[in-house]
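A.B. asks: There's a structure below that I have some questions on.
The values are calculated or read from the model by the stated rules, or taken from the named source; none is laboratory data. On a predicted model such as this, the values are computed, not experimentally measured, just so you know. Note that each Cβ is placed from the backbone with ideal geometry, even for glycine, and that neighbours are counted across all protein chains shown. Heads up: the accessible areas ignore ligands, DNA and RNA and are worked out on the full protein's heavy atoms, side chains in. Shrake-Rupley method; radii C 1.70, N 1.55, O 1.52, S 1.80 Å.
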Amino acid sequence: MTVTAPLRATGSAVWADTLLMSFAKAGYALAEPPILQPAEPFLDLSGEDIRKSLYLTTDATGEELCLRPDLTIPVARQYLASAQAGQAAGFSYLGPVFRYRDGARSEFLQAGIESFGRLDRPAADAEMLALALEATQAFGVKDVEIRTGDVALFTSLLDALDLYPVWRRRLIKDFNRKVSLEQDIERLTVSNATTRNEYEGVLAALAGSDRKAALALVTDMMSIAGATNVGGRTVAEIADRFLEQSTLKAGALPRDALTIIKRFLAITGDPRDATKQLRALAADAKLDIGAAIDAFDSRVGLTAARGIDIAEIRFATSFGRGLDYYTGFEFELHAKNNGAEPLVAGGRYDGLLTQLGSATPIPAVGFSVWVEALARIGQPAKSELPKSGRRS
């Protein structure tokens, strides 16, 4: 493959061979999905807010297309369309992505790895972190800060607290999108039971319902009325709003649940110490979250077995990457003392392939390398420089 214009523009061609060879050596085949992609998966999984960052067009059939804004979804779609779908398979990539960024180039390089179908989740997670560290070393960047979290611990906590489904979804959404949870949690402790609402009957019918039931009821109501939206809101958005109001009507978030959530979100530091704090919280609050803690503890042990110093990892139960599709382990590698933006970032997203059309759940984990950021601060060792300006 010829070195691309973005590679030349960033001066990054010198390490491209080294990076891809390290991925190939680890067993990850090169994937090269099309640049032009259906826009719907990106809008569905990241929300309409991403629309303003996409470069969109429409084909002759009316399908909305976009220049790929990242490579995780395109690689996942390519895997699902292949004969390997459902089997364990790993892919690497290096290519341009396109996203509007105020004050920065809208075309930039992304490299990374996606691993599908592995059932040994803690081992696969540990391997991703190890390979991500190797990627930074390919740029000559060896001193990095490792930040990690695990959304599976948070979802396990919410399940154990047996919250109303709508608040469970809302809190997970807040967590994933890096919205401050504290303000929302505090608001949920204030009951609105004395407030009158013009939709009292609907709210009463929805009290305690899940989203599927709410969608069915609102769809039926709007069908009878002959409407598909109200004030620009879709059926799903109207159902979500009714669910929130009905939940507040039914009662507030209990104070004991608030105390437990706050204690959980305050756990930070060395992952091994975090394990002790999590088990203490589970015992004190009589919470059934042992399986999630065991998986977390197993990953920590397997990470250490790969030669990574656990004491150097910064873990926080409140850490999230700002994307809805993560379901477990999440991590970012930052430059030491100069790390507002990540150099490498990734995690586990077991629900994504089902959302993309897989009939059965497929485990998935991966990471992306922010090429420009690494190229600015790192230089590959001279012995690792390729001998020509072309890649095979």
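A.B. asks: Quick one: length gained pulling residue 305 to residue 88 fully straight, 0.36 nm per residue minus the C-alpha distance? Walk me through the intermediate numbers first.
C.D. replies: Values: separation 217, 0.36 × 217 = 78.12 nm, distance 2.24 nm.
Taking 0.36 nm per residue and subtracting the Cα distance, the gain is 75.9 nm.
A.B. asks: Taking 0.36 nm per residue of separation and subtracting the Cα-Cα distance, what length does fully extending residue 159 through residue 53 add?
C.D. replies: Residue separation times 0.36 nm, minus the Cα-Cα distance, leaves 34.7 nm.
A.B. asks: Pairs 276/336; 25/173; 52/173: which exceed 29 Å Cα-Cα?
C.D. replies: Numbers: 276/336 27 Å; 25/173 37 Å; 52/173 20 Å.
Flagged as over cut-off: 25/173.
A.B. asks: Around residue 145, with a cut-off of 11 angstrom between Cβ atoms, what is the net charge of the other residues, counting Lys and Arg +1 and Asp and Glu -1?
C.D. replies: 0
A.B. asks: To the nearest 20 debye, what charge dipole does the stretch 290-370 have about its Cα centre, counting +1 at the Cβ of each Lys and Arg and -1 at the Cβ of each Asp and Glu?
C.D. replies: Around 100 debye, computed over the stretch 290-370.
A.B. asks: All other residues with a Cβ under 10 Å from the Cβ of residue 328 taken together, and with Lys, Arg as +1 and Asp, Glu as -1, what is their net charge?
C.D. replies: That works out to -1.
A.B. asks: Quick one: accessible area per residue over the stretch 22-171, 1.4 Å probe, rounded to a whole number of Å²?
C.D. replies: Dividing the accessible area of the stretch 22-171 by its residue count gives 42 Å².
A.B. asks: Could you give the alpha-carbon Rg of the stretch 292-372 over 2.2 N^0.38 Å, rounded to two decimals?
C.D. replies: In units of the globular-protein estimate, the stretch 292-372 measures up at 1.22.
A.B. asks: Once the piece of chain linking residue 26 and residue 277 is laid out straight, how much longer is it, given 0.36 nm per residue of separation minus the C-alpha distance between them? Display every interim value, and only then the final one.
C.D. replies: Values: separation 251, 0.36 × 251 = 90.36 nm, distance 3.48 nm.
Here the answer is 86.9 nm.
A.B. asks: Report the per residue volume, in Å³, of the convex hull enclosing the C-alpha atoms of the stretch 25-90.
C.D. replies: 113 Å³
A.B. asks: May I pose another question? Could you tally the net charge around residue 302, taking each other residue with its Cβ under 11 Å from the Cβ of residue 302, Lys/Arg +1 and Asp/Glu -1?
C.D. replies: -1
A.B. asks: Could I have the simple spin-label model distance between residue 259 and residue 80, label points 7 Å from Cα toward Cβ, reported in nm to one decimal?
C.D. replies: Result for the modelled spin labels: 4.5 nm.
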